[in-house]
Amino acid sequence: MDADADAEVPKKVSHIIYKENEEKKEYSLYKKDEHEPNDPFFIIHILCFLLGFMNIMPTMFFSTAQAYWMYKLRNTTISGDVTVGVDRTTLQSYYQSVSLTVSTIPSVLFTTLLTFYGHKIPAMFRLVHSTAALFGVFVVFTIFTQVNSDTWQTEFFVITMILLVIKSAFASILGMSSMVIVARLHHRFMFLFLLGQNGNFISTLLQILSLAVTETSVESGLLYFTVGTLTVLLTYVILIICRKSKFFQYYDVENVKEGKGETLHWSETKDVFMLVWPSVLILIVVIFVATCTSPISTLVVSENDGDGSLWTTKYWIPVGVMLSMDLTSLMGRFLSKTLFITVSRRKTTRCLKTAWFHNVYFDDSFYWKCHSHRENTLNPDPSNIICYNIK
């Protein structure tokens, strides 16, 4: 029966679906390469985490500083920071939709361009210069927090949108380039990269700090953009240091090539899809359920809501809702680093049902990084493989 199954599946497809190697036998993707140079002061580890965090930090910091933007675009003829209701200015009303548009279009455009033409420019070159460009953008926004723009709000709005376009474009370049660089290193560094991409808890902690130590929207914006500027600067400095390190030279990171790989024919693509469609369906369902957890969580209110206390009016949402959700997501990523599930087809179905149920209560990241291996790894049957080993 196994021989018939092997005959039905093309050799190339079988190689794509299942590849037997020593790492899989040992069930370890995090074991250090014995010939790998030392990483003094864990600087490479720190860089991989920062590169992952840089994938989400620019967008996250700008959206979190919502009160600052509303203050800069407020109606200056009345007292107070009006952010809701009929007294909102036209610029305040348009800010959210326009900023989302000018951030999304460049991101999609540059992601598409890099997909087809990114291999023409070295990944390290793109990474270094996109980081430098983001540093310049954050410096400008930090300076703007100390500039009185009440008499030229429209011009300030236009300049802000232009800078958001630049930010979005270079953030897309940085995201794709950093993925190429980190993928060149040992597998364990990808975990740190993904951990950095789950750096929402840093933004939440910064929001809590802002609520605790700042008194005005301007001070809050200054705190956000100063931390963002220092983060980008730290990433840039460490990246420059690591470029000439023995560690990067060992993995030849400076000369990473992104040539096009072997393309499957339609018939081969169809064979691959028929083998992996259960896993694809499961991923789609998990992603859908995961997108529902965040809006559901933000609807949670404190049982003491309305009592006027500092906890319910100021700290409940960032601490009781956002921080708890971010920490459970972080816990899931740490657990998934060491947890390997070795199951058969029948037990896999049972395991996935359990994972789907618990996803609503915990976080999707645990299942994004779960490891599933078949019991019989020495004699695989390509037609019967449930292969979803997500890194």
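The values are calculated or read from the model by the stated rules, or taken from the named source; none is laboratory data. None of the values given here were measured: they were computed from a predicted structure. Note that we place each Cβ from the backbone using ideal geometry, even for glycine, and neighbour counts take in every protein chain shown.
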Exercise. Looking at 110, 138, which one is in contact (Cβ under 8 Å) with a residue 60 or more places away in the chain, assigned to a helix (DSSP H, G or I), surrounded by 13 or more Cβ atoms within 10 Å (Cβ to Cβ) and over 19 Å from the mean Cα position of the chain (by Cα)?
Worked result: 138
Exercise. Only one residue in 145, 101, 111 is closer than 28 Å to residue 256 by Cα and among the polar types (S, T, N, Q). Which one?
Worked result: 111
Exercise. If you check residue 213 against the conditions, is it over 23 Å from the mean Cα position of the chain (by Cα), of a type outside the set (Lys, Arg) and closer than 30 Å to residue 311 by Cβ?
Worked result: yes
Problem set entry | the stretch 141-156: number of residues that are without any contact (Cβ under 8 Å) to a residue 24 or more places away in the chain and either charged (D, E, K, R) or not assigned by TED's automatic domain parsing to the domain that holds residue 102 (or both) | 1
For this session: Could you tell me whether residue 166 is touching a residue at least 24 places away in the same chain (Cβ under 8 Å), under 26 Å from residue 49 (Cβ atoms) and surrounded by fewer than 22 Cβ atoms within 10 Å (Cβ to Cβ)?
Result: yes
Exercise. Within the bounds of the stretch 172-191, is there any residue that is crowded, with 22+ Cβ neighbours inside 10 Å, over 25 Å from residue 320 (Cα atoms) and among the charged types (D, E, K, R)?
Worked result: no
Problem set entry | Matching entry among 30, 71 (being modelled with pLDDT of 50 or more and crowded, with 16+ Cβ neighbours inside 10 Å) | 71
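Scan the stretch 71-84 and tell me whether some residue there is closer than 16 Å to residue 221 by Cα and of a type in the set (Lys, Arg). Quick ask: steps written out before the conclusion?
Going through the stretch 71-84, the residues closer than 16 Å to residue 221 by Cα turn out to be 71-74, 81, 83.
Add one more test, that the residue is of a type in the set (Lys, Arg), and what stays is 72, 74.
Scanning the stretch 71-84, I find at least one residue that is closer than 16 Å to residue 221 by Cα and of a type in the set (Lys, Arg), so the answer is yes.
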Problem set entry | Filter result for residue 179 (among the aliphatic types (A, V, I, L, M) and out of contact with any helix residue (DSSP H, G or I) (no Cβ under 7 Å at 6 or more places or on another chain)) | yes
